[in-house]
Amino acid sequence: MNVFTPEQVLNQIKEAQAAMVEMTARSLEAIEKHIDLNLKAAKANLADATEAGSQLLSVKDAAELYAAAQGLAQPAVSKAASYGRNVYAINAEAASEFTKMVEARMEEANKAFSTALNDLSKNAPAGSEGMVALMKSAFSASNSALDAMQKASKQVVEMIESNVEAAAKAGEAAVGQAAAATKAPARRKAAAE
């Protein structure tokens, strides 16, 4: 029977501690990226608000106010969509790194369990072959189920990413069309004057 030695236990503890340090470092990197993104967005928003304020203060009538507000809406929506995509990209990158680390640990655990199972089968008493075969079959089935879940979750992530991108583009296009539609009457009015 396979009994863990103190050295093996110590190595397991060291590996777990190293994995936690790595996950913490990746988390801090993601937080740093979010902070950087938010600082850039805050600076850009301040500049945009200053410009928008100047534009809105220079309007002469309600039609110009409406046209100016519509003109400001499209870039704001585009920037908001871009910000959302950047946040999603940071989170997706961090999640991907965490997934890779967990998958690597799971692979190591599966190898260790497989080795232990093989050791058990070699040292099992006579007549227990059926039980060992059952354990091996259950282990194999659980690994197959885990692989299927991982593939399905990757497909879901890909589908979500494409839907998020499509929704952002559709929103930007709708605002662009609305802005173009409101500029046309303003141009006709200006041409008539």
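The values are calculated or read from the model by the stated rules, or taken from the named source; none is laboratory data. Just so it is clear, the structure is predicted and the values come from calculations on it, not from any experiment. No Cβ is skipped: glycine too gets one built from the backbone with ideal geometry, and neighbour counts run over all protein chains shown. The protein model used for the area step is the full one, side chains on, heavy atoms only, and it has no ligands, DNA or RNA in it. Shrake-Rupley method; radii C 1.70, N 1.55, O 1.52, S 1.80 Å.
Condition check: touching a residue at least 40 places away in the same chain (Cβ under 8 Å), open to solvent by less than 70 Å² (accessible area, probe 1.4 Å) and touching a helix residue (DSSP H, G or I) at 6+ places or on another chain (Cβ under 6 Å). Does Ala41 satisfy that?
Numbers: touching a residue at least 40 places away in the same chain (Cβ under 8 Å): yes; open to solvent by less than 70 Å² (accessible area, probe 1.4 Å): yes; touching a helix residue (DSSP H, G or I) at 6+ places or on another chain (Cβ under 6 Å): yes.
Yes; evaluated as a whole, the condition is true for this residue.
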Q. Picking from Gln8, Gln55, which residue would you name as being in a helix (DSSP H, G or I), open to solvent by less than 90 Å² (accessible area, probe 1.4 Å) and touching a helix residue (DSSP H, G or I) at 6+ places or on another chain (Cβ under 8 Å)?
A. Gln55
Q. Out of curiosity, is Met149 among the aliphatic types (A, V, I, L, M), in contact (Cβ under 8 Å) with a residue 12 or more places away in the chain, open to solvent by 70 Å² or more (accessible area, probe 1.4 Å) and in a helix (DSSP H, G or I)?
A. no
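May I ask you to say which residue of Ala112, Ala141, Ala92, Ala126 is surrounded by 11 or more Cβ atoms within 10 Å (Cβ to Cβ) and over 30 Å from Ala167 (Cβ atoms)? First the steps, then the outcome.
Values: Ala141 fails: surrounded by 11 or more Cβ atoms within 10 Å (Cβ to Cβ); Ala92 fails: over 30 Å from Ala167 (Cβ atoms); Ala126 fails: surrounded by 11 or more Cβ atoms within 10 Å (Cβ to Cβ).
None of the others qualify; the one that does is Ala112.
Of Ala67, Ala80, Ala109, which residue is at pLDDT below 85 and assigned to a helix (DSSP H, G or I)?
On the way: Ala67 fails: at pLDDT below 85; Ala80 fails: at pLDDT below 85.
That would be Ala109, the only listed residue that is at pLDDT below 85 and assigned to a helix (DSSP H, G or I).
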Q.
Which pairs turn up if I take residues in the stretch 66-89 that are free of Cβ contacts under 8 Å to residues at least 24 places away in the same chain and look for partners that are surrounded by fewer than 15 Cβ atoms within 10 Å (Cβ to Cβ) and not in a helix (DSSP H, G or I) with beta carbon separation below 6 Å, at least 6 apart in sequence or on another chain?
A. Ala68/Val59
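For the stretch 58-75, how many residues meet the condition of being of a type in the set (A, V, I, L, M) and open to solvent by 60 Å² or more (accessible area, probe 1.4 Å)?
2
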